[in-house]
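The values are calculated or read from the model by the stated rules, or taken from the named source; none is laboratory data. On a predicted model such as this, the values are computed, not experimentally measured, just so you know. Using ideal geometry, Cβ is built from the backbone for each residue, glycine included, and neighbour counts are taken over all protein chains shown. Keep in mind that these areas ignore ligands, DNA and RNA; they rest on the heavy atoms of the full protein, side chains included. Shrake-Rupley method; radii C 1.70, N 1.55, O 1.52, S 1.80 Å.
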Amino acid sequence: MIIRKIVSASVIVLGLAACEDTGHTSRLEEKRDVATEVPVTESPEKEEKKPEPEIEETTPTQDKPDFSSYADANEKKKAFFDFLRPAVVIENNRILKERQYLLAMSNKLQSSTPVSEKDTSYARRLGKLYHNEVPSEGVTRSWLDTMLVQVDVIPEALVLSQAANESGWGTSRFAVQGNNYFGQWCYRKGCGLVPSSRTEGASHEVAVFESAYQSVHAYFMNVNRNAAYKELREIRLALHDDENTEEKLSSDQIASQLTAGLSRYSERGEEYVSEIQAMIRHNNKYWSKG
């Protein structure tokens, strides 16, 4: 384990193809351009002009297994999930810390306690990270409410199931050569790998990351701030009652419910959602309990 400063890649993240829960190689390259079908909130140009604040985290540095070398499907699944799980844990822990800070500021506002300059500075940094800047008058109840919808955990079972689906259990060209496990796209020439079957006239590339952790981080930021996944965040908010703590929101049952908000991650829509739900159920024995 080492300490690294991670800056999430300047990419517009879109879902690409899905793979069946069989461990077969991903069909990512066979899918057509979906850029016009899955609207995003930021243009590539705007992303370039708004670099994200650095995130300092302890990140796993284990070697990437050759997942194509596994003959046993169960061993392959376990190796894949064990490889990516530490990055998912790190991301959810980061989010929990951010959320606790926001809740503390919310309590201060509720009790009419002034928000300190230190708190405001942190809020501005977090606002830039989530593309929701603090208003000119400072931290407000409305801003905090919006942030608390975005800054929330994503269940391990959902993250890992999507990673397996999008990357063909880590065997796709984009996972092997670019550490890209979620089908993230980028739009600057040379920013990634060019799909071999890219539609004529399309300009997107499949983003390349320095590590698997960066791919996981980009996925978390995409799901938590992209307008295309607003429905998922609303479902999560509705589940956030007194009986559903952050720990319970990480369960595989909650993961399955949240998939309903992912119909725009793939051009296959509800078929994709059903496939991810099936993967969550079929791989139940691999999910962390408690």
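A few comments on the model shown:
- Candidate set from the range 198-221 (those that are within 12 Å of Phe174 (Cβ to Cβ) and among the β-branched types (Val, Ile, Thr)); member that is most open to solvent (accessible area, probe 1.4 Å): Val208
- Condition check for Thr199: modelled with pLDDT of 95 or more and among the hydroxyl-bearing types (Ser, Thr, Tyr): no
- Pairs are defined by a Cβ separation below 6 Å, a sequence spacing of at least 6 or placement on different chains, a first member in the range 167-184 that is at positive phi, and a second member that is among the hydroxyl-bearing types (Ser, Thr, Tyr) and part of a loop (DSSP other than H, G, I, E, B); the pairs so defined are Gly168/Thr25; Gly168/Ser26; Asn179/Ser211.
- Any hit, the range 81-99, residues being of a type in the set (A, V, I, L, M), free of Cβ contacts under 8 Å to residues at least 60 places away in the same chain, open to solvent by less than 70 Å² (accessible area, probe 1.4 Å) and touching a helix residue (DSSP H, G or I) at 6+ places or on another chain (Cβ under 6 Å): no
- Within the range 112-150, restricting attention to residues that are in contact with a Lys or Arg (Cβ under 9 Å, 6 or more places away or on another chain) and of a type in the set (S, T, N, Q), the residue that is farthest from Glu98 (Cα to Cα) is Ser116.
- Among residues of the range 143-160 that are open to solvent by 10 Å² or more (accessible area, probe 1.4 Å), those with a Cβ under 8 angstrom from a residue that is of a type in the set (Val, Ile, Thr) and in a helix (DSSP H, G or I), sequence gap 6+ or separate chain, pair up as Glu156/Val88; Glu156/Val89.
- Within the range 236-245, the set of residues being at pLDDT 80 or above and more than 11 Å from Val149 (Cβ to Cβ) comprises Leu239 only.
- Taking the criterion of being in contact (Cβ under 8 Å) with a residue 40 or more places away in the chain and either open to solvent by 10 Å² or more (accessible area, probe 1.4 Å) or assigned to a loop (DSSP other than H, G, I, E, B) (or both), the residues of the range 107-142 that qualify are Arg125, Lys128, Tyr130, His131, Asn132.
- Residue selection: Ala175 fails the criterion of being under 26 Å from Asp152 (Cβ atoms) and not basic (Lys, Arg).
- When Tyr219 is tested against (1) without any contact (Cβ under 8 Å) to a residue 60 or more places away in the chain; (2) touching a helix residue (DSSP H, G or I) at 6+ places or on another chain (Cβ under 8 Å), exactly one condition is not met: (1).
- The range 261-283: number of residues that are open to solvent by 10 Å² or more (accessible area, probe 1.4 Å) and in contact with a helix residue (DSSP H, G or I) (Cβ under 6 Å, 6 or more places away or on another chain): 3
- Unmet criterion (only one of (1) open to solvent by 60 Å² or more (accessible area, probe 1.4 Å); (2) out of contact with any helix residue (DSSP H, G or I) (no Cβ under 8 Å at 6 or more places or on another chain); (3) over 30 Å from Ser203 (Cβ atoms)) for Gln177: (3)
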